[in-house]
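Structure record follows, encoded as structure tokens.
The values are calculated or read from the model by the stated rules, or taken from the named source; none is laboratory data. Everything quoted here is computed from the prediction, not taken from an experiment. Glycine also receives a Cβ, built like all others from the backbone with ideal geometry; neighbour counts cover every protein chain displayed.
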Amino acid sequence: MVIKSLFIFLGGILNIILGSIILKKNFQSRSNLFYFLLCLFGGLWGIVKAVQLLVIDVYFHNLIITRLVYIFGTLAPLAYLMFAYHYPYKLKEFSKNLISLLYFISGIFILLIFFGIFKMQTVVIMYNKVHLYVIFNNFLIFTIYFFVYIFFGVALLIKKFFRDQGIYKTQLKYLIIATISTFLIIGFVCIIYPLLVDFRYDWLGAIFLLIHFSVAGFLIFIKNR
């Protein structure tokens, strides 16, 4: 368990470092900024997941760890959607009302989670191990939120890919492939499987996030510059 947690923790740190490198390449780019935020929130989510596997204290889980897991889990899809909206250019200017709505929904989720009103899992300590159990209705709402934001982002990128005839077409292809493959895996092990069965494999999500961010970040922001 300690080795697994250390591996996940290092993955989270590497995510944040990667995002910082991308941001440093162009501080003024909105695409780089939101990719950094995506790496940051994904990395922090991974770090908290690593801690979650080690802490044997129900009160600490309910008070801090579980809330942080879902706060960062809420922010990551928002950052991804806004990255897809801005990268490599805006296909169409979103209305201020739509932008506000996207942030508002995420903000409401975060406030409800922070104040303990919206709970998506319970924690039980058995035989000195952490066991997580879904609160189905709440987790289902979170599942819908997660996939709506991710699929919205993917749809934007696909639309740009088919319309673009310039230098960004290859980068968009890389990003779409990385996004679909990775988020389908993450969505299954971290969202669908826990919703229907249990949390046995959700820690794998942090590993796949590192793979996605590293490959996509290199191919899009580094190799093609």
In the list Ile144, Ile150, which residue meets the criterion of being without any contact (Cβ under 8 Å) to a residue 12 or more places away in the chain and either under 16 Å from the mean Cα position of the chain (by Cα) or surrounded by 19 or more Cβ atoms within 10 Å (Cβ to Cβ) (or both)?
-> Ile144
Residue ranges of helices (runs of 4 or more DSSP H) in segment 105-206 with at least 1 members β-branched (Val, Ile, Thr) | 136-163, 169-186
Among (1) without any contact (Cβ under 8 Å) to a residue 24 or more places away in the chain; (2) over 17 Å from the mean Cα position of the chain (by Cα); (3) farther than 25 Å from Cys39 by Cβ, the one test that Gly116 misses = (1)
Consider Phe41 against the criteria (1) within 21 Å of Val189 (Cβ to Cβ); (2) at pLDDT below 90: it satisfies all of them except one. Which criterion is unmet?
-> (2)
Residue check, Val58 against (1) over 18 Å from Ile110 (Cα atoms); (2) crowded, with 22+ Cβ neighbours inside 10 Å; (3) in contact with a strand residue (DSSP E or B) (Cβ under 6 Å, 6 or more places away or on another chain), all met but one. Which one?
-> (2)
Pairs where the first residue, in segment 22-39, is touching a residue at least 12 places away in the same chain (Cβ under 8 Å) and the second is part of a helix (DSSP H, G or I) and of a type in the set (Val, Ile, Thr), C-beta under 8 Å, 6+ apart = Lys25/Ile222; Asn32/Ile22; Tyr35/Ile22; Phe36/Ile22; Cys39/Ile16; Cys39/Ile22
Would you point out which residue out of Val124, Val130 is closer than 22 Å to Trp203 by Cα, touching a His at 6+ places or on another chain (Cβ under 6 Å) and among the β-branched types (Val, Ile, Thr)?
-> Val124
Please identify the pairs in which a residue from segment 98-112 that is touching a residue at least 12 places away in the same chain (Cβ under 8 Å) and more than 13 Å from Met82 (Cα to Cα) has its Cβ atom under 9 Å from the Cβ atom of a residue that is of a type in the set (Ser, Thr, Tyr) and in a helix (DSSP H, G or I), counting only partners at least 6 apart or on another chain.
-> Ile105/Tyr145; Ile105/Tyr149; Phe109/Tyr70; Phe109/Thr74; Phe109/Tyr145; Ile110/Tyr70; Ile110/Thr74
Could you check Phe104 against (1) more than 17 Å from the chain's Cα centre (by Cα); (2) modelled with pLDDT under 90 and say which number it fails?
-> (2)
With respect to Leu38, is the statement that it is within 16 Å of the chain's Cα centre (by Cα), under 24 Å from Leu91 (Cβ atoms) and buried (at least 22 other Cβ atoms within 10 Å of the Cβ) true?
-> yes
Verdict on Asn137 being at pLDDT 90 or above, over 30 Å from Ile3 (Cβ atoms) and among the polar types (S, T, N, Q) | yes
